[in-house]
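Here the structure is laid out as structure tokens; the discussion comes afterwards.
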Amino acid sequence: MDIWELVQATKEKSDDEIAKMTSSLPVQLSPQEVKLVRPIFDKASIQWLLFGPPAHIHKQVAAVLGKNRTKKLFAYFNL
């Protein structure tokens, strides 16, 4: 799975489906976490792929997942 699959899934799938999809990632998200990161991922743009998510996005995701889990997740996606 790449970052765009995850972002697209947040637009089309339920929280439970996305949580199951993340089981293959180094950081698995719970349905509650998916619900909280969904509005953050809705802000995704092609710039994220080119330059990485902006610092404020890192902070928002870290507020939900914690610093270490966020770092692992973004490292997995090379962001």
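Any read-out appearing in this document is the output of simple, stated calculations on the displayed coordinates, not a laboratory observation. Everything quoted here is computed from the prediction, not taken from an experiment.
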**OP:** Go ahead and set up a Gaussian network model of the chain, Cα springs under 10 Å, then flag whichever of Leu65, Leu29, Leu50 fluctuates most.
**Re:** Leu50
Original post:
Just for the Cα atoms in the stretch 3-76, what are the lengths along the principal axes, largest first, rounded to whole Å?
Top reply: 29, 25, 19
Original post:
Over the Cα atoms of the stretch 35-79, what Rg and Dmax result, in angstrom?
Top reply: 9.8, 26
